Amino acid sequence: MAAAPQGNEPKEVSREEARKLVGEGAQLVDVRADHEWEAGRIAGATHVPLPELPQRLGEIDKERPVVVYCRGGNRSSMAA
């Protein structure tokens, strides 16, 4: 998982850190493919597949931290 705390550079975070950030109000964004999203997801996440991210950035609140996740970490790192 990768996180971009408000005003800071993106960084890789652990599951525990991600859970804490989301609990404190960070947005949770799932950048996996549609079929992965349909197979299961984290409650409360917003689905924005990585290829769609540039066109859908307006859906992400720039005033709140963001936690981005995927299956293995590569896509979330690219998204961050």
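Select from the range 57-80 the residues that are touching a helix residue (DSSP H, G or I) at 6+ places or on another chain (Cβ under 8 Å) and part of a strand (DSSP E or B) and write down the one among them that is nearest to GLN27 (Cα to Cα).
Step one: filter the range 57-80 for residues touching a helix residue (DSSP H, G or I) at 6+ places or on another chain (Cβ under 8 Å), giving 65, 67-71, 75, 78-79.
From what is left, the residues that are part of a strand (DSSP E or B) are 67-69.
Numbers: VAL67: 6, VAL68: 8, TYR69: 11 Å.
If we take residues in the range 57-80 being touching a helix residue (DSSP H, G or I) at 6+ places or on another chain (Cβ under 8 Å) and part of a strand (DSSP E or B), then VAL67 is nearest to GLN27 (Cα to Cα).
Would you check which residues across the range 1-30 are assigned to a strand (DSSP E or B), in contact (Cβ under 8 Å) with a residue 60 or more places away in the chain and in contact with a Gly (Cβ under 9 Å, 6 or more places away or on another chain) and list them?
Result: ALA2, GLU12.
For the range 31-41, which positions are assigned to a loop (DSSP other than H, G, I, E, B), out of contact with any Leu (no Cβ under 7 Å at 6 or more places or on another chain) and either surrounded by 15 or more Cβ atoms within 10 Å (Cβ to Cβ) or polar (S, T, N, Q) (or both)? Talk me through it step by step, then tell me what you get.
The initial filter retains those residues of the range 31-41 that are assigned to a loop (DSSP other than H, G, I, E, B), namely 31-33, 40-41.
With out of contact with any Leu (no Cβ under 7 Å at 6 or more places or on another chain) added as a condition, the list becomes 32-33, 40-41.
Selection gives ARG32, ALA33, ARG41.
The rows are residues; the columns are (1) surrounded by fewer than 16 Cβ atoms within 10 Å (Cβ to Cβ); (2) out of contact with any strand residue (DSSP E or B) (no Cβ under 9 Å at 6 or more places or on another chain).
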| residue | (1), (2) |
| --- | --- |
| PRO10 | yes, no |
| GLU17 | yes, no |
| GLY25 | yes, yes |
| GLU52 | yes, yes |
| LYS62 | yes, yes |
| VAL67 | no, no |
| SER76 | no, no |
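Just to check your reading of the model, which residue among ALA33, ALA43 is over 18 Å from LYS11 (Cβ atoms), of a type in the set (Gly, Ala, Ser) and in contact (Cβ under 8 Å) with a residue 12 or more places away in the chain?
ALA33
Mind counting the residues in the range 42-56 that are within 12 Å of the chain's Cα centre (by Cα) and either polar (S, T, N, Q) or not in a loop (DSSP other than H, G, I, E, B) (or both)?
First, the residues of the range 42-56 that are within 12 Å of the chain's Cα centre (by Cα): 42, 44-50, 53.
Now narrow it down to the ones that are either polar (S, T, N, Q) or not in a loop (DSSP other than H, G, I, E, B) (or both): 46-47, 50, 53.
Total satisfying the criteria: 4.
Return the residues of the range 23-41 that are among the hydrophobic types (A, V, I, L, M, F, W, C) and over 10 Å from the mean Cα position of the chain (by Cα); say none if nothing qualifies. Spell out how you get there, then give the answer.
Here is the first cut: in the range 23-41, the ones among the hydrophobic types (A, V, I, L, M, F, W, C) are 26, 28-29, 31, 33, 37, 39.
ALA33, TRP37, ALA39 - these are the residues of the range 23-41 that are among the hydrophobic types (A, V, I, L, M, F, W, C) and over 10 Å from the mean Cα position of the chain (by Cα).
Any read-out appearing in this document is the output of simple, stated calculations on the displayed coordinates, not a laboratory observation. In this text, all values refer to a predicted model and were calculated from it rather than measured experimentally. FYI the Cβ positions are ideal-geometry reconstructions off the backbone, even for glycines, and counts take in every protein chain you see.
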